[in-house]
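The structure under discussion appears below in the form of structure tokens.
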Amino acid sequence: LNLEKDLRYALERDELILYYQPLVNVVKGRIMGAEALLRWNHPKLGIIPPGEFISILEDTGLIIPIGEWLIQEACRQQNIWVQKGLPALSVSVNISPVQFKSNILVKAVNNALAHSKLNPSFLKLELTENMIVNNIGETLKILNELKHIGIGVSIDDFGTGYSSLSYLKKFPIETIKIDRAFIKEIDYDRQDQAIVKAIIDMGRSLKLDIVAEGTERDRQIHYLREVGCETVQGYFFSRPVPADEFEKQLFPWN
Ligand code: G
Ligand code: G
Ligand code: MN
Ligand code: NA
């Protein structure tokens, strides 16, 4: 078994698929968007989660073509949902540090938007703190280009990187997604509550959208609402699921 060799053909053999997980605004009672999460449907092994192969994609450079495909595929799917008359959702795509550094990100985004004719404001890219705090000049250039195109940037796993907060002021960022490590025990752990409350207060003052990741229990959502976080993502509402299941589960009347 050679995953690396198999991965070289995965794209052309249509073995890569995107699962989607909803971002839910619990105050409005509305699904705001979907995060696209990569899966590999291996012919012998079945569905393989990205944790087992993203690093191979990065080490081999396959993340470049596959990363382009990811953005295109997410835009294509969003467009299908729009055509079907579902409520307009934004779609978020995770970007690898290798992809971010490669100088093709802006071109890939432009291509995908041109192909799908998607309104740019419905596409979001998820970046992590660590990948944007190196090489500030270059990062600022890329983020300004993305902003100019009209797409949103989210900081994924917020609070876990090795970085100062000064980048929140320097960079055009739309959303922070509070890492699920802080949310896991948020319904009873005083320290996590203090941290998350501070993140929310800061985010609101800076006019950032805030999403809490990894919400699995009603009580977590209750607390988050109380401290002003309206949008959540997690198993409580849905695991990441294939596009058709996402539709059926979330828009059962269609
Ligand atoms: O979906 P799951 O929980 O198994 O994802 C595990 C990790 O893989 C997460 O950190 C997630 O951000 C990452 N990941 C999932 N899909 C993609 C993708 O399309 N591109 C990149 N770069 N990372 C992804
Ligand atoms: O690193 P990133 O935040 O992109 O990781 C996203 C991954 O987190 C998804 O692939 C999903 O499998 C996982 N995830 C999403 N919701 C939950 C949750 O409620 N609990 C846990 N433990 N993991 C979750
Ligand atoms: Mn993510
Ligand atoms: Na995340």
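Nothing in this text is a laboratory measurement; each read-out follows from the coordinates by a stated rule. Just so it is clear, the structure is predicted and the values come from calculations on it, not from any experiment. Glycine also receives a Cβ, built like all others from the backbone with ideal geometry; neighbour counts cover every protein chain displayed.
Structure summary
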read-out: When each of 107/170; 101/207; 170/207; 141/169; 147/169; 101/141 is checked by Cα-Cα distance, pairs over 20 Å; value: 107/170; 101/207
read-out: Estimated [θ] at 222 nm from DSSP helical runs (n ≥ 4, -39500 (n - 2.57)) normalised by residues in the chain, nearest 500; value: -13000 deg cm²/dmol
read-out: Where a label projected 7 Å from the Cα of residue 25 along Cα→Cβ would reach, residues of the range 68-101 with amide N under 15 Å; value: 87-91
read-out: Theoretical gain in end-to-end length, residue 2 to residue 217 [0.36 nm per residue, Cα-Cα removed]; value: 73.5 nm
read-out: Under 5 Å, built H, 5+ apart or other chain: amide partners of residue 30; value: 25
read-out: Unit charges at the beta carbon, dipole of the range 3-47: most positive-side option, 19, 9, 46; value: 19
read-out: Prolate/oblate/rounded label for the range 111-254 (Cα gyration tensor, a/c 1.5); value: oblate
read-out: Average Cα contact separation per residue, the chain, under 8 Å, 6 or more apart, as relative contact order %; value: 19
read-out: Net dipole in debye of the range 41-84 [+1 Lys, Arg Cβ; -1 Asp, Glu Cβ; about Cα centre; nearest 20]; value: 300
read-out: 3J(HN,Hα) from dihedral phi, the range 192-199, Karplus parametrisation 6.51/-1.76/1.60, rounded to Hz, x for glycine, proline; value: 4, 4, 5, 5, 5, 4, 5, 4
read-out: Distance in nm between pseudo-label sites at residue 52 and residue 205 (7 Å out along the Cβ direction from Cα); value: 4.6
read-out: Net charge dipole size for the range 152-254 [Lys, Arg +1 and Asp, Glu -1 on Cβ; Debye, nearest 20]; value: 340
read-out: Estimated vicinal HN-Hα couplings, Hz - the range 75-86 in sequence order (Karplus 6.51, -1.76, 1.60; Gly, Pro = x); value: 5, 4, 5, 4, 4, 4, 4, 4, 4, 6, x, 6
read-out: Dipole magnitude of the chain about its Cα centre (Cβ charges: Lys, Arg +1; Asp, Glu -1), debye to nearest 20; value: 640
read-out: Other-chain or far-sequence residues with amide H under 5 Å of residue 92's (modelled H); value: 34, 35, 36, 124
read-out: Extension reserve of the residue 239-residue 170 stretch, reckoned as 0.36 nm per residue once the Cα distance is removed; value: 21.4 nm
read-out: Paramagnetic reach from residue 138 (point 7 Å along Cα→Cβ, amide N under 18 Å) across the range 78-113; value: 95-109
read-out: Relative contact order computed over the range 55-110 (Cα-Cα under 8 Å; 6+ residues apart), in percent; value: 44
read-out: Straight-distance crosslink candidates among lysines, where the alpha carbon sits under 26 Å from residue 44 and sequence neighbours closer than 8 are dropped; value: 5
read-out: In Hz, Karplus ³J(HN,Hα) per residue of the range 105-117 (6.51, -1.76, 1.60; θ = phi - 60°; x = Gly, Pro); value: 4, 4, 5, 4, 5, 4, 4, 4, 5, 5, 5, 8, 6
read-out: Simple spin-label estimate for residue 162 and residue 226 in nanometres, 7 Å along Cα-Cβ; value: 3.6
read-out: Segments 29-37, 101-109 sorted - mean Cβ within 10 Å per residue, highest first; value: 29-37, 101-109
